[in-house]
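This report concerns only the one structure given below.
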Amino acid sequence: MWSILLMGLAGLLVGGGLSFRQQRKPLWVQIGFYVLAAMSLLAAYLLTLPGN
């Protein structure tokens with residue numbers, strides 16, 4: 001259940017990063033959103049491993 005929510009959060013973060021790219025916001029903001037999305041996907045993957 002949590003992995004699905006984290007994947008959805010990652011999708012929202014990637015969408016936010018793309019939105020900030022279109023708005024010509026600073027690059028560090030876009031990179032921050034992409035890094036948070038990657039961390040969310042990693043957490044979702046780790047929750048699917050056996051033993052959790």
* Residue count for segment 1-51, restricted to those that are charged (D, E, K, R) and either in contact with a strand residue (DSSP E or B) (Cβ under 9 Å, 6 or more places away or on another chain) or open to solvent by 100 Å² or more (accessible area, probe 1.4 Å) (or both) -> 2
* Do the conditions hold for S3, that is, is it among the small types (G, A, S), in contact with a Ser or Thr (Cβ under 8 Å, 6 or more places away or on another chain) and in a helix (DSSP H, G or I)? -> yes
* Restricting to segment 21-41, what's the tally of residues that are under 9 Å from the mean Cα position of the chain (by Cα) and among the aliphatic types (A, V, I, L, M)? -> 6
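The values are calculated or read from the model by the stated rules, or taken from the named source; none is laboratory data. Bear in mind the structure is a predicted one, so any value in this text is a computation, not a measurement. Neighbour counts run over all protein chains shown; Cβ positions are idealised from the backbone, glycine included. Quick note on the areas: whole protein, heavy atoms, side chains included, nothing else; ligands and nucleic acids left out. Shrake-Rupley method; radii C 1.70, N 1.55, O 1.52, S 1.80 Å.
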